[in-house]
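Asker: Mind looking over this structure? Questions follow.
The values are calculated or read from the model by the stated rules, or taken from the named source; none is laboratory data. Bear in mind that the values here come from a model prediction, so they are computed numbers and not experimental data. Because the Cβ atoms are built from the backbone with ideal geometry, glycine has one as well, and the counts that use them run over all protein chains shown. Note: areas computed on protein heavy atoms with side chains; ligands, DNA, RNA excluded. Shrake-Rupley method; radii C 1.70, N 1.55, O 1.52, S 1.80 Å.
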Amino acid sequence: MTITDAILNLFSPQGFSSFMQMMILGIQVIYVLFAFMLTRQVKIMNRSFTTHLSGFFMFVANIHFLIAIAVVLVALLTL
Amino acid sequence: MTALSSFIINPSNTLYDGEDHDEKILYVIRRSKITNLSWTLLAAIMLIIPTIADPFLRSLKFNGANLVSLKFLFIFTFSWYLATFGLAFFNFLNWFFNVYIITSKKIIDFDFFGLTYKNIAETTLENVEDVTSTISGPFHTIFNIGDVVIQTAGEKREFDFVEVDDPGRIRDIISDLVAAKRGHHDHN
């Protein structure tokens, strides 16, 4: 398939759908990186300033990161 | 809940990195809660958007067939809610951990911005030279929010407590602590 064919294919329903799927997968992968960075940031924040909520924040950040990974996996398997 | 307050006196179960064993945290101060309004509203709007966008995306058809599949719509909607939660959590953490701490020995300013910036500055109470509080603008006047600027003799010349509740009270607290530390004991 040439580049011209690929661009023209974007304007077909299947092409548009594939393009959207690739877009959302790309955004989800970037989001996983954000969620990972957030877990590291929470760890640093907790070390700098410790309260009785520190464990809860770390738990939420980790769950958030795991869900972000799960969403990418589900998207890869189903889309 | 006290831990989520923007002005905490003698907080329990609270430590900071570098705290001395003979040091006591007297006050933990954060930006006023009202400064969280913008991202809270944004998160609320983001929560509503799927309920509006979902019927629209379902109605998109090409030659009688749905342009957007239900599987795609489900994953997109779930990702959207996750991103909304991520945005709210990230902004909440930035508010919660950007604190100003006044201890029996020091004033510490914690700055976390974004995911990669961390700056912690501290000065001893003896180094404080001048404390000023400012309230400017109608919004800040209505809610009694303002800045407290602390001039020091240390390497970092200025500490800014930004958009804190009742800045006049905080200025008074710091001035009294500094005076007491210098042995003046003149609290009024």
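Asker: Collect the residues in region A:22-31 that are open to solvent by less than 50 Å² (accessible area, probe 1.4 Å) and more than 7 Å from chain B (Cβ to nearest Cβ), keeping them in residue-number order.
Answerer: Scanning region A:22-31 gives A:LEU25, A:GLY26.
Asker: Here is a follow-up. Looking only at region B:70-118, filter to residues that are within 14 Å of the chain's Cα centre (by Cα) and more than 10 Å from every other protein chain (Cβ to nearest Cβ); which one of those is surrounded by the most Cβ atoms within 10 Å (Cβ to Cβ)?
Answerer: B:TYR100
Asker: Then there's this: Just to be sure I understand the filter: pairs with C-beta atoms under 7 Å, separated by 6 or more residues or on different chains, first member in region B:1-24 and within 7 Å of chain A (Cβ to nearest Cβ), second member open to solvent by less than 50 Å² (accessible area, probe 1.4 Å) and among the hydrophobic types (A, V, I, L, M, F, W, C). Which pairs pass?
Answerer: Listed by first residue and then by second, the contacts come to B:ALA3/A:LEU53; B:THR14/B:ILE25; B:THR14/B:VAL28; B:TYR16/A:PHE49; B:TYR16/B:ILE101; B:TYR16/B:ILE108.
Asker: Could you identify the single residue in B:SER32, B:SER5, B:SER38 that is of a type in the set (Gly, Ala, Ser), open to solvent by 80 Å² or more (accessible area, probe 1.4 Å) and within 18 Å of the chain's Cα centre (by Cα)?
Answerer: It is B:SER38.
Asker: Let me ask something else about it. Out of curiosity, is B:VAL148 open to solvent by less than 40 Å² (accessible area, probe 1.4 Å) and in contact with a strand residue (DSSP E or B) (Cβ under 8 Å, 6 or more places away or on another chain)?
Answerer: So B:VAL148 passes the test.
Asker: When residues of region A:32-79 are filtered for being part of a loop (DSSP other than H, G, I, E, B), among the hydrophobic types (A, V, I, L, M, F, W, C) and either in contact (Cβ under 8 Å) with a residue 40 or more places away in the chain or exposed (fewer than 15 other Cβ atoms within 10 Å of the Cβ) (or both), how many remain?
Answerer: Residues flagged as part of a loop (DSSP other than H, G, I, E, B), among the hydrophobic types (A, V, I, L, M, F, W, C) and either in contact (Cβ under 8 Å) with a residue 40 or more places away in the chain or exposed (fewer than 15 other Cβ atoms within 10 Å of the Cβ) (or both) within region A:32-79 amount to 1.
Asker: Another one. So, A:PHE19, is that one surrounded by fewer than 16 Cβ atoms within 10 Å (Cβ to Cβ), without any contact (Cβ under 8 Å) to a residue 60 or more places away in the chain, among the aromatic types (Phe, Trp, Tyr) and out of contact with any helix residue (DSSP H, G or I) (no Cβ under 9 Å at 6 or more places or on another chain) or not? Please lay out each step first, then the result.
Answerer: Numbers: surrounded by fewer than 16 Cβ atoms within 10 Å (Cβ to Cβ): yes; without any contact (Cβ under 8 Å) to a residue 60 or more places away in the chain: yes; among the aromatic types (Phe, Trp, Tyr): yes; out of contact with any helix residue (DSSP H, G or I) (no Cβ under 9 Å at 6 or more places or on another chain): no.
So A:PHE19 does not fit the description; no.
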